[in-house]
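The values are calculated or read from the model by the stated rules, or taken from the named source; none is laboratory data. Given the structure is predicted, the values throughout are model-derived calculations rather than measurements. Cβ atoms come from the backbone with ideal geometry, glycine included; neighbour counts cover every protein chain shown. Protein only, heavy atoms only, side chains kept; ligands, DNA and RNA dropped before computing areas. Shrake-Rupley method; radii C 1.70, N 1.55, O 1.52, S 1.80 Å.
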Amino acid sequence: EYMGEYSMPCPRLKKKSCPWFCADWGWRAAWISWVIASLLLIASFVVPVLIKQEIHSEIRNTIVIDSEKSGGYRDWQSNTYDDSQPTFFELYFFDLQNPKDVLLGEKPILVQKGPYSYREYNVRFNITWPEHRHTLTYQTLTYYVFDEATSGEGLSEHDNITSVNLALLGVWEQVMKLGVPIEERLALRYLLCNTVGATPFQTRPVKEMFWGYQNDTVLYFAKKALAPNVSADFPPLQANHTSFDDAAATTSYDTIHTGNDDISKVFQYVQYQNMSFLHACTSPLPNSNSCPLYNANWSEEEAEKNGWTLVWADDVANAVWGTDGTQFKDNLHDKQVGIFVNALMRSVFLSSPETETVQDLFDIKMTRFRLRSKDMLNATNNPDNARFYMFGPDGIMNFTSVVGFPMFVSKPHYLGASETLINSLIGMEPSFDLHDTFIDVEPTTGISMRAHKRLQFSALLTNWDMRLTGSESPISSEGNAKDEPDWLKCLEHLVDDNWNWQMKSQNPEGLYIPLLWIDEHEQLTEKQANDFKVIPKWKSRAKMISLYSWIGCGAFVVLGASVLYGMHHGKKSRSNEMKERLV
């Protein structure tokens, strides 16, 4: 054009087909890759968050009981439905084989009988929420039905068991505690001597031993001698309500956090049986077998006037805290959790052993919690336990302040307890797998999926010489019965046979003799597990979506970079080729 007539045609490159990475398509591909990568990056953050929010909402609807419309209300309110998770209450009794020999100092020979299995049913009623819905208050109807199918082969509630006569121990402890005058005390000893044969043991059917019975001989004569209006019926060791009216008359209200305001507090006790600090009815009112229901508005002086006294030594020990063990906070990653055990009348910590592998339940991952070993040590080895009056051997909790006579709680067969307890008896066979307590919790929801709560109850027997000496003795200094006719029969028996209790034990306090142990256990059903698995699946999907989004994001970033590199490399090659041809 500038050379005019001297112009020559400009050499042209040979036209080639446009590769996929040429300018127009390359930039488009790069931009598309980066947009997709950006969307995946956003999705990797946003989608899991949305799924987690949905999971949290579902969990909250299940475990927060702030109305009757809550998802978990039905299962919490009652376990009497056909599809309810069953709870079993199994009793294992220790049948004493040589009661007469034990009184002469021989080791007790104990044979375990069980399980005597019961279905445990709980129905919560009189349920109320305050306006803020942060707590709820309720009463509980609890009853038990013997289940022959899950009991030991050939076992029946009518099987006879020889064990400690708790009525005798309880009456005499109350007599000594109340300071009954000598004359009445002697009269009562005379009555007891002639009725129970001067022995701390008795033989009764299983049903009566645990669930109580009418017209106990000891209580009958104690009633005649000391308190005419007191019932002679031996009460059950565990409440077994016959109706809602029965439950309402004999139990107070429990109050728990709903988790409505703070889900980490869900199911934690505010009050147990109207109590923020634990009290026990150890001094029934005159002419009565019991105390009036505890009133949360009482002062300590008013509580004592009504027969209620603090159970433990200080406020730390008496404070009510923790859940009932069926539910904990969601996203549970704590190494220990707190529960209130009504059978122990105290709150305890459970810890998760780091080295223990827990077997999955229907492919649901769980965390196992067990009682801490230091909570079972005596006050010498763990001074903190002095507030619980644990001054005996290691491995037993002192329950005397709860029931009013020397009673102790341990793991079955004295598992983990002092060897002196085991060596004082014949028939103890402790097993970690069979006798330890544990709770398996699904950590995402905090729901207990499987649990075995195992406790053994033992009585403390000490030497008791029925041949009294001193100013209150009806026996003369020569060893013969005095002239009072009322004493002759029993005392002649004592003088002739030298009746006294000589309990042989390696423990200076006396002989700790087991009565029975309980295994209260429950486990998620397969149907419940299948319904429950939706939550863990979505949690897993959220993680997978996040992972795959990151992988996809990286892939498209690499793709975009590859396109740009291809564009740059192709453009440079074409430029070099053009220059060569021009030259």
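Some points to look at:
- Residue that is in a loop (DSSP other than H, G, I, E, B) and of a type in the set (Val, Ile, Thr), where the choices are 445, 420: 445
- All positions within region 365-394 that are in a loop (DSSP other than H, G, I, E, B) and open to solvent by 40 Å² or more (accessible area, probe 1.4 Å): 365, 372, 377, 380, 381, 389, 391
Every residue, every condition in (1) open to solvent by less than 20 Å² (accessible area, probe 1.4 Å); (2) over 21 Å from residue 405 (Cα atoms); (3) over 25 Å from the mean Cα position of the chain (by Cα); (4) modelled with pLDDT under 95, yes or no:
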{"position": "236", "(1), (2), (3), (4)": "no, no, no, yes"}
{"position": "243", "(1), (2), (3), (4)": "no, yes, yes, no"}
{"position": "259", "(1), (2), (3), (4)": "yes, yes, no, yes"}
{"position": "273", "(1), (2), (3), (4)": "no, yes, no, no"}
{"position": "283", "(1), (2), (3), (4)": "no, no, yes, yes"}
{"position": "290", "(1), (2), (3), (4)": "no, no, yes, yes"}
{"position": "309", "(1), (2), (3), (4)": "no, no, no, yes"}
{"position": "314", "(1), (2), (3), (4)": "no, no, no, no"}
{"position": "330", "(1), (2), (3), (4)": "yes, yes, no, yes"}
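- Within region 335-348, considering residues that are out of contact with any Gly (no Cβ under 9 Å at 6 or more places or on another chain) and either without any contact (Cβ under 8 Å) to a residue 12 or more places away in the chain or within 18 Å of residue 89 (Cα to Cα) (or both), the one least open to solvent (accessible area, probe 1.4 Å): 344
- Filtered residue count, region 358-388, keeping only those that are free of Cβ contacts under 8 Å to residues at least 60 places away in the same chain and not small (Gly, Ala, Ser): 14
- Residues located in region 66-116, provided they are without any contact (Cβ under 8 Å) to a residue 24 or more places away in the chain, open to solvent by less than 30 Å² (accessible area, probe 1.4 Å) and in contact with a helix residue (DSSP H, G or I) (Cβ under 9 Å, 6 or more places away or on another chain): 70, 72, 84
- Qualifying residue in region 423-445 (condition: open to solvent by less than 20 Å² (accessible area, probe 1.4 Å) and out of contact with any Leu (no Cβ under 9 Å at 6 or more places or on another chain)): no
- Failed item in (1) open to solvent by 30 Å² or more (accessible area, probe 1.4 Å); (2) more than 12 Å from the chain's Cα centre (by Cα), with residue 352 passing the rest: (1)
- Some residue of region 427-438 being in a strand (DSSP E or B) and at pLDDT 95 or above: yes
- Residues being open to solvent by 60 Å² or more (accessible area, probe 1.4 Å) and either at pLDDT 80 or above or of a type in the set (Lys, Arg) (or both) - total across region 218-234: 1
- Number of residues in region 292-305 that are buried (at least 18 other Cβ atoms within 10 Å of the Cβ) and either at positive phi or out of contact with any helix residue (DSSP H, G or I) (no Cβ under 9 Å at 6 or more places or on another chain) (or both): the value is 1.
- Check on residue 175, at negative phi, β-branched (Val, Ile, Thr) and at pLDDT 95 or above: no
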